[in-house]
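**Student:** Sharing a structure below in structure tokens format, with a few things to ask.
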Amino acid sequence: MTKATAAIVGPGNIGTDLLAKLQASENVEVRWMIGVDPESDGLARARARGVETSHEGVDWLLAQDELPDLVFEATSAYAHRANAPRFEEAGIQAIDLTPAAIGPFVCPPVNLDVNVSAMNVNMITCGGQATIPIVSAVSSIVPVEYAEIVASISSRSAGPGTRANIDEFTETTSRAIEVVGKATRGKAIIILNPVEPPMIMRDTVFCSIPADCDHDAIAASIHDMVARVQEYVPGYTLRADPQFDDPREIWNGHARVAVFLEVLGAGDYLPTYAGNLDIITAAAARVGDLMALAKTGATA
Amino acid sequence: MTTVSDIVVEEPTKDSIRITDSTLRDGSHAMAHRFSEEQVRSIVHALDMSGVEVIEVTHGDGLGGSSFNYGFSLVDDIKLVAAAVDEAKRARIAVLMLPGLGTVRDLKQAHAAGASVARIATHCTEADVSRQHFKAARELGMETVGFLMLSHRATPSKLAEQARIMVDAGAECVYVVDSAGAMILGDAQERVQSVINEIGRDAQVGFHGHQNLSMGVANSVLAYQAGARQVDGALLALGAGAGNSPTEVLAATFEKLGVPTGVDVQAALAAAEEIVRPMVPRIPRMDRSSIVQGYAGVYSSFLLHAERAGERYGVPAHEILQRVGAAGYVGGQEDMIIDIALQIAQERDMGDLAAAGVR
């Protein structure tokens, strides 16, 4: 079967981990790794993995005779805003791992099916990828007036970009909880913990639920969703069964379900505790895989 | 010839210390974030009359803290800030915010409601997440204070390096914050000293103490002696864990030391006794759980959450807190309290099964 071709723009930690994941794909072949620094370690790592590299940026990529079907952008929001229209003009589908959010937010088990032919999709945030499937699992059974997520990550796995603009994480994730997770109102919280040895990514999802509803149906939907995320993030697990709390006046008379998750990374390139980075590269690889399948399936 | 009577002996004037009162912020933890607007007004009025210059008013976890994880506020923060601003004749109103929870947008709303002091709090090793908030606060024309939480978890030199990051980002004062009430005397003084050595005259240094091991006031005095010029207190010690250094005790102690605070001791005592005491369902105290917090270095705000989880899952709160300390959880990770309670409950079930001979 013909594989779709792909380029990764941005040879940092995320780009390198993504390359490792995509090299295991049956549907995507990464042909190019693109950077801007000839001395880049990431480009050297990609060459060692048998991928053609260039430090002359997207200009070089778009000047080639053969263009990729897919491009994964793991640079910055600023760079992607400049690159996105050029990819679209060249007919390349873009999977955006930056906070630029030009295309629709995508979380694979929730809404990839409707976005599989979009020219540009955005991978939200690490916390969003870890928690929105659960919000969606609950909101598919009962109305969720309010959903709140708490993402705890190791300080070591929070890069300078995240640290310089942490509001972008909370605001983007909150919005995606509403748009993709289908909660009427969303709130996101991120905590950096410096403990050594580093803590594995943890996520807690709280959803308001009606005072009277079928807890078993909600729990079954959550378990089912966890299994679907495990298809591309094997280390995605529930720490305990979903916890149901009785209605309270301060919760506008709603009851609550709380879900406690752990995200252990695959350790492809990044350390396993950095489940936050792993889940976003794994989700991006999953999107690429299914986009490729849609493309090759359509032309077959 | 000079006679003894000609010599005017001048007491060397001591530097003053500014007491920021946090009854309406740290105290919000002890009130499960249920302050009413009337209560805020009467406490602000009393503090203002007693001469307190800065009064902090926010959900215990800062702007945006109203949530499942930390507890929902009875009244919206911004409404309470506006009421406090309206009530205060001289005092200025401060707000707390934790990057990762609150945002610049929240800060702007608080500023629009009249708050003029922005206190930006991070875990003691994560100061660099506060840069965008200091920048925004300065652009709004707010006075800026940095808060290095759980300072006992960083060495004095690490803390100094983190304080420098905040000062460079725009903090006009950086606090050594003993969120767990875990510092014993020298622990506090060395950290304050180290921060002062690093930032010199670029910014002031402050100290925020808790009473879990009954060191709040003593540590505050040592912080002053090392050069800190701002300290936090709360009337009746109303705050997380065993509570904060009581504002009225700080005022009395510094007065006896000849250190001007601008706070009238009698008025502060009256405020604590007559205004705050009648409205508090449970006065913070050193009990098994809060002492364990100081002893194990656990974020003080975890106390009521641990008690609630303990009740819900039938495990002792102090055992949960001990485990939280061992895991090294930081401020904001209240969700992990439920996680730990579930774990302990599960271990007990397994233990019961094992005791019954089940394999």
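**Student:** On the given criteria, is A:Ala74 farther than 15 Å from A:Ala285 by Cβ, at pLDDT 95 or above, hydrophobic (A, V, I, L, M, F, W, C) and out of contact with any Lys or Arg (no Cβ under 7 Å at 6 or more places or on another chain)?
**Tutor:** Spelling it out, it is not the case that A:Ala74 is farther than 15 Å from A:Ala285 by Cβ, at pLDDT 95 or above, hydrophobic (A, V, I, L, M, F, W, C) and out of contact with any Lys or Arg (no Cβ under 7 Å at 6 or more places or on another chain).
**Student:** Pairs needed: first member in segment A:172-201, in contact (Cβ under 8 Å) with a residue 12 or more places away in the chain; second member anywhere, among the basic types (Lys, Arg) and open to solvent by 40 Å² or more (accessible area, probe 1.4 Å); C-beta distance under 6 Å; at least 6 residues apart or different chains.
**Tutor:** Here the result reads A:Pro198/A:Arg156, each pair linking segment A:172-201 to a residue that is among the basic types (Lys, Arg) and open to solvent by 40 Å² or more (accessible area, probe 1.4 Å).
**Student:** I would also like to ask the following. Restricting attention to segment B:78-113, which residues are without any contact (Cβ under 8 Å) to a residue 60 or more places away in the chain, under 30 Å from A:Gly128 (Cα atoms) and over 17 Å from the mean Cα position of the chain (by Cα)?
**Tutor:** B:Ile78, B:Thr103, B:Val104, B:Arg105, B:Asp106, B:Leu107, B:Lys108, B:Gln109, B:Ala110, B:His111
**Student:** Taking the stated definitions as given, is B:Ser16 in contact (Cβ under 8 Å) with a residue 60 or more places away in the chain, assigned to a helix (DSSP H, G or I), open to solvent by 20 Å² or more (accessible area, probe 1.4 Å) and out of contact with any Leu (no Cβ under 6 Å at 6 or more places or on another chain)? Explain how you work it out, then say what you get.
**Tutor:** Details: in contact (Cβ under 8 Å) with a residue 60 or more places away in the chain: yes; assigned to a helix (DSSP H, G or I): no; open to solvent by 20 Å² or more (accessible area, probe 1.4 Å): yes; out of contact with any Leu (no Cβ under 6 Å at 6 or more places or on another chain): yes.
Criteria not met by B:Ser16.
**Student:** Oh, and also: Could you say whether any residue in segment B:273-284 is within 28 Å of B:Glu143 (Cα to Cα) and modelled with pLDDT of 95 or more? Break it down stepwise before answering.
**Tutor:** If we filter segment B:273-284 for residues that are within 28 Å of B:Glu143 (Cα to Cα), which is where we start, we get B:276.
Okay, now just the ones that are also modelled with pLDDT of 95 or more, so B:276.
Yes, because at least one residue in segment B:273-284 is within 28 Å of B:Glu143 (Cα to Cα) and modelled with pLDDT of 95 or more.
**Student:** A further question follows. Considering only segment B:196-203, I want to know if a residue exists there that is crowded, with 24+ Cβ neighbours inside 10 Å, aliphatic (A, V, I, L, M) and under 26 Å from B:Asp61 (Cβ atoms).
**Tutor:** No, segment B:196-203 contains no residue that is crowded, with 24+ Cβ neighbours inside 10 Å, aliphatic (A, V, I, L, M) and under 26 Å from B:Asp61 (Cβ atoms).
**Student:** Being assigned to a helix (DSSP H, G or I) and either within 14 Å of chain A (Cβ to nearest Cβ) or of a type in the set (Ser, Thr, Tyr) (or both) is the filter here, so list the residues in segment B:40-71 that pass it. Spell out how you get there, then give the answer.
**Tutor:** Step one: filter segment B:40-71 for residues assigned to a helix (DSSP H, G or I), giving B:40-50.
Of everything in segment B:40-71, those that are assigned to a helix (DSSP H, G or I) and either within 14 Å of chain A (Cβ to nearest Cβ) or of a type in the set (Ser, Thr, Tyr) (or both) turn out to be B:Ser42, B:Ser50.
**Student:** Further question: Return only the number of the condition from (1) in contact with an Asp or Glu (Cβ under 8 Å, 6 or more places away or on another chain); (2) open to solvent by 20 Å² or more (accessible area, probe 1.4 Å); (3) at pLDDT 95 or above; (4) farther than 24 Å from B:Arg105 by Cα that A:Ala258 does not satisfy.
**Tutor:** (2)
**Student:** Oh, and also: Quick check on my filter: what residues within segment B:55-108 are over 24 Å from B:Gly146 (Cβ atoms) and aromatic (Phe, Trp, Tyr)?
**Tutor:** If the condition is that a residue be over 24 Å from B:Gly146 (Cβ atoms) and aromatic (Phe, Trp, Tyr), then B:Phe68, B:Phe72 are the ones that fit.
**Student:** If you don't mind, there's one more thing I want to ask. Which condition from (1) closer than 27 Å to B:Phe207 by Cβ; (2) open to solvent by less than 10 Å² (accessible area, probe 1.4 Å) is the one that B:Ser67 breaks?
**Tutor:** (1)
**Student:** Out of contact with any His (no Cβ under 9 Å at 6 or more places or on another chain), among the polar types (S, T, N, Q) and within 13 Å of chain A (Cβ to nearest Cβ), is that true of B:Gln322?
**Tutor:** So B:Gln322 does not fit the description; no.
**Student:** Quick test for you: out of B:Leu159, B:Leu96, pick the one residue that is within 27 Å of B:Arg191 (Cβ to Cβ) and more than 14 Å from every other protein chain (Cβ to nearest Cβ).
**Tutor:** Result of the check over B:Leu159, B:Leu96: B:Leu96.
**Student:** On to the next question. For segment A:156-199: of the residues being assigned to a loop (DSSP other than H, G, I, E, B), within 14 Å of A:Thr131 (Cα to Cα) and open to solvent by less than 60 Å² (accessible area, probe 1.4 Å), which is nearest to the other protein chains (Cβ to nearest Cβ)?
**Tutor:** Filtering segment A:156-199 for residues that are assigned to a loop (DSSP other than H, G, I, E, B), within 14 Å of A:Thr131 (Cα to Cα) and open to solvent by less than 60 Å² (accessible area, probe 1.4 Å), the one nearest to the other protein chains (Cβ to nearest Cβ) comes out as A:Gly181.
**Student:** Identify, from the list B:Arg131, B:Arg153, the residue that is in contact (Cβ under 8 Å) with a residue 60 or more places away in the chain and facing chain A (nearest Cβ under 10 Å). Can you show your working first?
**Tutor:** Values: B:Arg131 fails: in contact (Cβ under 8 Å) with a residue 60 or more places away in the chain.
Exactly one residue qualifies, and that residue is B:Arg153.
**Student:** Let me ask another. In segment A:38-140, which strands (runs of 3 or more DSSP E) lie fully inside it and hold 2 or more residues that are open to solvent by 10 Å² or more (accessible area, probe 1.4 Å)?
**Tutor:** A:52-54
**Student:** Taking segment B:335-359 on its own, how many of its residues are free of Cβ contacts under 8 Å to residues at least 24 places away in the same chain, within 14 Å of chain A (Cβ to nearest Cβ) and farther than 29 Å from B:Gly62 by Cβ?
**Tutor:** 4
**Student:** I need the full set of residues from segment B:192-218 which are over 22 Å from B:Arg164 (Cα atoms), part of a helix (DSSP H, G or I) and in contact with a helix residue (DSSP H, G or I) (Cβ under 8 Å, 6 or more places away or on another chain), in order please.
**Tutor:** B:Gly216, B:Val217, listed by residue number.
**Student:** As an exercise: evaluate A:Leu290 against (1) within 14 Å of chain B (Cβ to nearest Cβ); (2) at pLDDT 95 or above; (3) out of contact with any Asp or Glu (no Cβ under 7 Å at 6 or more places or on another chain) and give the number of the one condition it does not meet.
**Tutor:** (1)
**Student:** Moving on to the next point. Taking B:Gly332, is it surrounded by 24 or more Cβ atoms within 10 Å (Cβ to Cβ), more than 14 Å from every other protein chain (Cβ to nearest Cβ) and within 21 Å of the chain's Cα centre (by Cα)?
**Tutor:** On the way: surrounded by 24 or more Cβ atoms within 10 Å (Cβ to Cβ): yes; more than 14 Å from every other protein chain (Cβ to nearest Cβ): no; within 21 Å of the chain's Cα centre (by Cα): yes.
It is false that B:Gly332 is surrounded by 24 or more Cβ atoms within 10 Å (Cβ to Cβ), more than 14 Å from every other protein chain (Cβ to nearest Cβ) and within 21 Å of the chain's Cα centre (by Cα).
**Student:** So which residues in segment B:306-326 are open to solvent by less than 40 Å² (accessible area, probe 1.4 Å) and under 22 Å from B:Glu126 (Cβ atoms)?
**Tutor:** Scanning segment B:306-326 gives B:Val324, B:Gly325.
**Student:** Identify, by number, the condition in (1) under 23 Å from B:Val104 (Cα atoms); (2) open to solvent by less than 30 Å² (accessible area, probe 1.4 Å) that A:Val205 doesn't meet.
**Tutor:** Evaluating A:Val205 over (1) under 23 Å from B:Val104 (Cα atoms); (2) open to solvent by less than 30 Å² (accessible area, probe 1.4 Å) leaves (1) as the failure.
**Student:** Looking only at segment B:163-188, how many residues end up being outside any loop (DSSP other than H, G, I, E, B) and either surrounded by fewer than 24 Cβ atoms within 10 Å (Cβ to Cβ) or of a type in the set (A, V, I, L, M) (or both)?
**Tutor:** 13
**Student:** Inside segment B:282-295, can you point out the residues that are open to solvent by less than 50 Å² (accessible area, probe 1.4 Å) and in contact (Cβ under 8 Å) with a residue 60 or more places away in the chain?
**Tutor:** B:Pro284, B:Ser290, B:Gln293, B:Gly294
**Student:** Quick one: is B:Ala228 part of a helix (DSSP H, G or I), under 20 Å from B:Ser22 (Cβ atoms) and small (Gly, Ala, Ser)?
**Tutor:** no
**Student:** Here's something else I'd like to know. Looking at B:Phe147, is it within 21 Å of A:Thr162 (Cβ to Cβ) and either away from every other protein chain (no Cβ under 14 Å) or of a type in the set (S, T, N, Q) (or both)?
**Tutor:** Against the criterion (within 21 Å of A:Thr162 (Cβ to Cβ) and either away from every other protein chain (no Cβ under 14 Å) or of a type in the set (S, T, N, Q) (or both)), B:Phe147 qualifies.
**Student:** Within segment B:99-117, take every residue that is of a type in the set (A, V, I, L, M) and more than 14 Å from every other protein chain (Cβ to nearest Cβ) and give me the one that is surrounded by the most Cβ atoms within 10 Å (Cβ to Cβ).
**Tutor:** B:Ala110
**Student:** Let me ask something else. Would it be correct to say that B:Leu74 is surrounded by 23 or more Cβ atoms within 10 Å (Cβ to Cβ) and at the interface with chain A (Cβ under 9 Å from one of its Cβ atoms)? Can you show your working first?
**Tutor:** On the way: surrounded by 23 or more Cβ atoms within 10 Å (Cβ to Cβ): no; at the interface with chain A (Cβ under 9 Å from one of its Cβ atoms): yes.
No: the conditions fail for B:Leu74.
The values are calculated or read from the model by the stated rules, or taken from the named source; none is laboratory data. What you see is a predicted model; the values in this text were computed from it and never measured. Note: ideal-geometry Cβ built from the backbone for every residue, glycine included; neighbour counts use all protein chains shown. Surface accessibility is based on the protein's heavy atoms, side chains included, excluding ligands, DNA and RNA. Shrake-Rupley method; radii C 1.70, N 1.55, O 1.52, S 1.80 Å.
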